[in-house]
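Right, one structure below, let's go through it.
Nothing in this text is a laboratory measurement; each read-out follows from the coordinates by a stated rule. What you are looking at is a predicted structure, and each value in this text was computed from that prediction instead of being measured. Here the Cβ positions follow ideal geometry from the backbone for every residue, glycine too, while neighbour counts run over all protein chains shown.
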Amino acid sequence: MFSSTAAHAAVALKGMATIDGPAVRLSDVFSGVPQKIAAAEIARAPAPGQSITYNANTLVYLAHQYRLGWRPDSLADHVVINSSAHKIMPADIAREVRAQLAAQDSLDGDIRVSFDDHALEIDLPADRPAAFTLDNFQYNPADQRFRATFMASTDQGPVTRPITGRVAVMEKVPVPARRLNAGDVVAGDDLQWIVLPQGQLDGVITDASRLVGKELRHDANEGQPLREQDVMVPRLVKQGALVTMRIATSFMTVTAEGRALQDGTLGEAVRVRNDRSQRVIEGTVSGPGMVTVRGPQQFAEAQ
């Protein structure tokens, strides 16, 4: 084990330092270094975002080489040198992908970019602007995939990396804002909007006006995209329900009560049974729970 000496107490170990240049300097490792040698470059800086550790033996060598008169307190003494970096995040690269697509007139609208490398993150030196390009950009409309080469110039040389991924054009879709039950008639406040890739919208209703006022054929969960087969024109008459049979002439309007033998929407023909006489007639759905009988004679037969 080594021991410190008071004669050289002015020079001390920093323990940890963060640098943003291309080289590690003596003053990054020791404090109290004479000014004339403080800027001496002792090693190449770690790659941006990386670090290097100098152990006690290396520190003793440096102190001896530069006549600092420093000794470690123990063999466990060390210095960690961190190289600061501009971090290029997926969102930064995604913006450039969209710019490339726009320049090629390949896609338009709300474009979502995903990368094959889910941990994509690139460190560039912090001592210069974090500028980069995507060279050799290629996009295949058939599978909506792209490939390019990330390129950035640094004092240590170019930083390159292959970039691959997929894009999707997003579209707003009206979906239930809460669970709805079969038979419910959809109202405007029953809906909310979500965003989905166009590739997932085969048959999905994207126009809210095609849902509002329609009846659900089955239960629908919150956030569930709906298709044409999920909805129908509202049934104004339901099988087994009591309905009013109505006939109007120029002299009077006559009504009677019956029971619908089938579902019916506005304008549809349905069969209705008079529960009292058990006779069955046919009429046309003219409103909620209302069936208009086609002629006075048929209506009389149902009495």
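Mean separation of Cα pairs under 8 Å and 6+ residues apart, divided by the residue count of the chain: what relative contact order is that in percent?
On the way: 629 pairs, mean separation 30.2, N = 303.
Computed value for the chain: 10 percent relative contact order.
Between P225, P125, P141, where does the largest GNM mean-square fluctuation fall for the chain, given springs only between Cα atoms within less than 10 Å?
The residue with the greatest mean-square fluctuation here is P141.
What angle, in degrees between 0 and 90 and rounded to the nearest 10, separates the Cα long axis of helix 56-65 from the longest principal axis of the Cα atoms of the chain?
Helix 56-65 and the main axis of the chain meet at about 50 degrees.
Using the Cα centre of region 63-158 as origin and beta-carbon charges of +1 (Lys, Arg) and -1 (Asp, Glu), tell me which of L75, H118, A91 is placed farthest towards the positive end of the dipole.
Positive-most Cα among the choices belongs to L75.
Considering only DSSP states other than H, G, I, E and B, which GluC sites (Glu not before Pro) in region 136-242 qualify as loop sites with at most 14 other Cβ atoms within 10 Å?
Qualifying residues, ordered by number: E222.
Rounded, prolate or oblate: which fits region 236-301 when a ≥ b ≥ c are the square roots of the eigenvalues of the alpha-carbon gyration tensor, with rounded for a/c under 1.5 and prolate only if a/b beats b/c?
Note, shape of region 236-301 comes out oblate.
May I ask you to list the trypsin sites (Lys or Arg not before Pro) in region 154-195 that are in a DSSP loop and have at most 14 other Cβ atoms within 10 Å of their Cβ?
Passing sites in region 154-195 are R178, R179.
Rounded to the nearest 10 degrees, what's the angle between the helix 90-103 long axis and the longest principal axis of the chain, both from Cα atoms, 0 to 90?
It works out to around 60 degrees.
Between K87, K14, K214, which gets the highest mean-square fluctuation from a Gaussian network model of the chain, Cα cutoff 10 Å?
K14
Here are several values of Rg/Rh (Cα atoms, Kirkwood Rh): [x] 1.40; [y] 1.44; [z] 1.23. Which one was derived from the coordinates shown?
[y]
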